[in-house]
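Peer 1: Okay, here's the structure, questions in a sec.
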Amino acid sequence: MGKDKPPFTPTIEGFKFSDIFENFMAQAGMARLFLTVVSSGIIHGGDQYRKSLSGTFEEMRPGGPLAHLLVDAKEFFKSGEAKILLDKAVAGAMETSQQATASAALVYAHSALEALVDAFLSLASEVDQTVFERIIAKKQVKVGEVVDKGIDRILSECTRDYVCKQKKESLRKKTSLLSTICAPAQADFNTGKYKYSQNTIDGIDRKRHAVIHQLDFSITIKEIETDMDYFYWLGLYFMILMSKKFGLKHIPGRDARERVAKAYGIDY
C-alpha cells in the first residue's frame, strides 16, 4: 500500500480537481478533433457537391429536362457562364460550411472552458469558503436565521447560493471572479504569445453570443483555431492558479486516483 502513497496528503477535493481538469482536456481535445475532421470532410464533400451540382447543370443543356428553365440554354453553356456559376456555387458552399464548422467548434470550446471555470468556482467554495467572504459581505440575512443556523452555516449557504448564481453570468465575469478569489496566486509561465486578458475573453464571448443568438457564422477556421488555442492555455492558467492558491495537486488518470483513494481510505 505504501507504494501507492504520493509525497503529499490527497483529499477528495484534490481528486475533484483532477477530474475537472481531465474532463476539460478531453472536451478541448474533442473540440479540436471535431474541427479537424469536419474541415477535412468538407474538402472531400466539396468534390461530391460539385459532381452533384454538375449533374443538375447537365440537365439544363439544350434538349435536357431542365433546359426550359433557362432563357437561352445554348448560350448559357457556350459563353462559359455555366462553369463560372458552378465554380462560384461550390466555392460559396465550401466557405459557408467551413464557417459553420468553425462557429460550432467555437461554441464547443467555449462550453468546455466555461464548465471548467464553473467547476473550479464550486470547488474553491468547498476547499475554503472564506475566499468568498468579502464578496458576499453585503448579503443581508435575518437575525433569526443566524440564531437558528449559526454563522458558519449561514456563510456556507450564502457562498453556495452565490456560486450557483454565477453560472448564469458571462464567461468574462466568471473568469474575473476566479482570478479574484485565487489572488494573490499567480500563474505566469512561458506561453510564447498568450497572456491573461479580460478583453480577449470578452471578445471571444461576444463571437460565441453572435453565433448562438444572431446566427452569425462569419468566423474562419484560422480564427477559431487561435481562439481554441487561447482557451486551452486559459484552462492551464486556471489550473495553476487553483493549485497554487489551495494547494491542490493533480494525480493523472482516474485509475491512479482510485488506487490512491483506496490506499488512504478516501471514498472516491
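Please treat every number below as a calculation from the coordinates, not as lab data. Quick caveat: nothing in here was measured; it's all calculated off a predicted structure. So basically every Cβ, Gly included, is an ideal-geometry build from the backbone, and we count neighbours across all protein chains shown.
Peer 1: Would you mind putting 14-21, 210-217 in packing order, based on average other-beta-carbon counts within 10 Å, highest first? Kindly include the intermediate steps, with their values, before the conclusion.
Peer 2: Working: 14-21: 21.1, 210-217: 13.2.
Highest to lowest by the protection proxy: 14-21, 210-217.
Peer 1: Moving on to the next point. Taking the simple approach of a point 7 Å from Cα along Cα-to-Cβ for both Glu81 and Glu13, what is their distance in nm?
Peer 2: Taking the simple label geometry, Glu81 and Glu13 are separated by 7.3 nm.
Peer 1: So how do 53-64, 237-248 stack up, highest first, on mean other-Cβ count within 10 Å? Please report the intermediate quantities before stating the final value.
Peer 2: Working: 53-64: 13.4, 237-248: 20.1.
For the peptides 53-64, 237-248, the packing ranking is 237-248, 53-64.
Peer 1: Take the alpha-carbon centre of segment 92-168, take the same for segment 27-87, and report the distance between them in whole Å.
Peer 2: 47 Å
Peer 1: OK, next. Between Ile212 and Ile135, with labels modelled 7 Å along Cα→Cβ, what's the label distance in nm to one decimal, could you check?
Peer 2: According to this spin-label approximation, the distance is 2.0 nm.
Peer 1: From the square roots a ≥ b ≥ c of the eigenvalues of the alpha-carbon gyration tensor of segment 163-220, which class results: rounded (a/c under 1.5), prolate (a/b over b/c), or oblate?
Peer 2: Numbers: a/c = 4.10, a/b = 1.37, b/c = 3.00.
Judged from the Cα gyration tensor, segment 163-220 comes out oblate (a/c at least 1.5, b/c at or above a/b).
Peer 1: Pairs Lys142/Lys174; Lys16/Lys165; Lys222/Lys244; Lys165/Lys249; Lys173/Lys207: which are spaced more than 23 Å apart, C-alpha to C-alpha? Intermediate results must be reported in sequence, preceding the final value.
Peer 2: Numbers: Lys142/Lys174 28 Å; Lys16/Lys165 21 Å; Lys222/Lys244 34 Å; Lys165/Lys249 27 Å; Lys173/Lys207 16 Å.
From the list (Lys142/Lys174; Lys16/Lys165; Lys222/Lys244; Lys165/Lys249; Lys173/Lys207), the Cα-Cα distance tops 23 Å for Lys142/Lys174; Lys222/Lys244; Lys165/Lys249.
Peer 1: Rounded, prolate or oblate: which fits segment 129-268, taking a ≥ b ≥ c as square roots of the Cα gyration tensor eigenvalues, rounded meaning a/c under 1.5, else prolate when a/b beats b/c? Walk me through the numbers on the way to the answer.
Peer 2: Values: a/c = 2.13, a/b = 1.32, b/c = 1.62.
Oblate, because a/c is 1.5 or more while a/b does not exceed b/c.
Peer 1: Hey, another quick one. Who wins for biggest fluctuation among Ile12, Ile219, Ile181 in a Gaussian network model of the chain, springs between alpha carbons below 10 Å?
Peer 2: Ile12
Peer 1: Right, another one. Using the membrane-span-like helix rule (whole DSSP H runs, Cα extent along the own axis of at least 27 Å, mean Kyte-Doolittle hydropathy at least -1.0), which helices of the chain qualify?
Peer 2: Qualifying helices: 12-58, 81-127, 221-246.
Peer 1: Tell me the mean residue ellipticity at 222 nm calculated for the chain from its helices only (DSSP H runs of n ≥ 4, each -39500 (n - 2.57), averaged over every residue, nearest 500).
Peer 2: Details: 9 runs with 189 residues, N = 268.
So the calculated ellipticity at 222 nm is -24500 deg cm²/dmol.
Peer 1: Would you please classify the overall shape of the chain from the alpha carbon gyration tensor, given that a ≥ b ≥ c denote the square roots of the eigenvalues, rounded means a/c under 1.5, and beyond that prolate means a/b larger than b/c while oblate covers the rest?
Peer 2: Values: a/c = 3.39, a/b = 2.38, b/c = 1.43.
It comes out prolate by the Cα gyration axes.
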